[in-house]
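Since the structure comes first, as structure tokens, the remarks are kept for the end.
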Amino acid sequence: MPLSRVKPDRRAEEILGSKGRIRVLKVLSESGELNISEVSRRTGLNYTSVERHLMKLKKMDLLNEKRYGKIRIFEINFRRLSITFEQGKSVNIDILD
């Protein structure tokens, strides 16, 4: 689900929903384009878990997917993603394309 369709108070939960998802985002932001097997190797997560995280992130419009036959390549589609927690205020999420 694209971030714009996620309730504002749930966006951070959707992005930060698991340590694995954060690891996948970190690897892709540092490395650029990678296939699922390479993301799996670099994160230390199994293939199925990585694939599930990639699909969730893609549904939130945080990743692009390219297909070359059976090979699927993923890359982040933002330059910066910031989630700010500030006392007395709602969570702020900034995505810079």
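Excluding residues on the same chain fewer than 8 positions from Lys66, give the lysines whose Cα lies under 22 Å from its Cα.
Lys26, Lys56, Lys58
Which value, in debye to the nearest 20, describes the size of the charge dipole of the chain about its Cα centre when Lys and Arg Cβ atoms bear +1, Asp and Glu Cβ atoms bear -1, and nothing else is charged?
On the way: 21 positive and 13 negative charges, 64 e Å.
Using Cβ point charges on Lys, Arg, Asp and Glu, the chain gives about 300 debye.
Quick one: divide the alpha-carbon radius of gyration of the stretch 41-85 by 2.2 N^0.38 Å and tell me what you get.
On the way: Rg = 12.1 Å, N = 45, 2.2 N^0.38 = 9.3 Å.
Relative to the 2.2 N^0.38 Å estimate, the stretch 41-85 comes out at 1.30.
Amide H of Ser18 versus every other amide H placed in the peptide plane: which residues, excluding those fewer than 5 positions away on the same chain, fall under 5 Å?
The answer is none.
Rank the residues Ser31, Ser82 as a footprinting-exposure proxy: fewest other Cβ atoms within 10 Å of their Cβ go first. Could the numbers behind the result be given before it?
On the way: Ser31 13, Ser82 9.
Final ranking by Cβ density, sparse to dense: Ser82, Ser31.
Output ³J(HN,Hα) for the stretch 42-59: one whole-Hz value per residue in order, computed from phi by the Karplus curve 6.51 cos²θ - 1.76 cosθ + 1.60 with θ = phi - 60°, and x for Gly and Pro.
Taking θ as phi minus 60°, the curve returns 6, 8, x, 9, 6, 4, 4, 5, 4, 4, 4, 5, 4, 5, 5, 5, 5, 5 Hz for the stretch 42-59.
The chain: longest stretch without exposed trypsin sites (Lys or Arg not before Pro) (DSSP loop, at most 14 other Cβ within 10 Å), sites themselves excluded?
1-69
In Å, what Kirkwood hydrodynamic radius results for the chain from the alpha-carbon pair distances?
For the chain, the Kirkwood estimate is 13.9 Å.
7 Å from Cα along Cα→Cβ at both Lys70 and Asn92: what's the point-to-point distance in nm?
4.8
Return the aspartates and glutamates within reach of Lys89: Cα separation strictly under 12 angstrom, same-chain partners fewer than 8 residues apart disregarded; answer none if there are no such residues.
Once the sequence-local aspartates and glutamates are set aside, what remains near Lys89 is Asp9.
Taking Cα pairs under 8 Å and at least six residues apart, what relative contact order does the stretch 3-96 come out at, in percent? Please list the in-between numbers first.
Values: 112 pairs, mean separation 24.0, N = 94.
For the stretch 3-96, the relative contact order is 26 percent.
Pull up all non-local amide H partners of Arg72: gap of 5 or more, or a different chain, and H-to-H distance under 5 Å with H placed in the peptide plane.
The answer is Ile36.
Multiply the residue separation of Thr84 and Tyr47 by 0.36 nm, subtract the distance between their alpha-carbon atoms, and state the gained length in nm to one decimal. Display every interim value, and only then the final one.
Details: separation 37, 0.36 × 37 = 13.32 nm, distance 3.07 nm.
Working it through step by step, the gained length comes to 10.3 nm.
Just so you know, all these numbers are worked out from the coordinates, no wet-lab data involved. Worth saying up front: this structure is predicted, and the values here are computed from it rather than measured. When we count neighbours, we look across all protein chains shown, and the Cβ atoms used for this are built from the backbone with ideal geometry, even at glycine.
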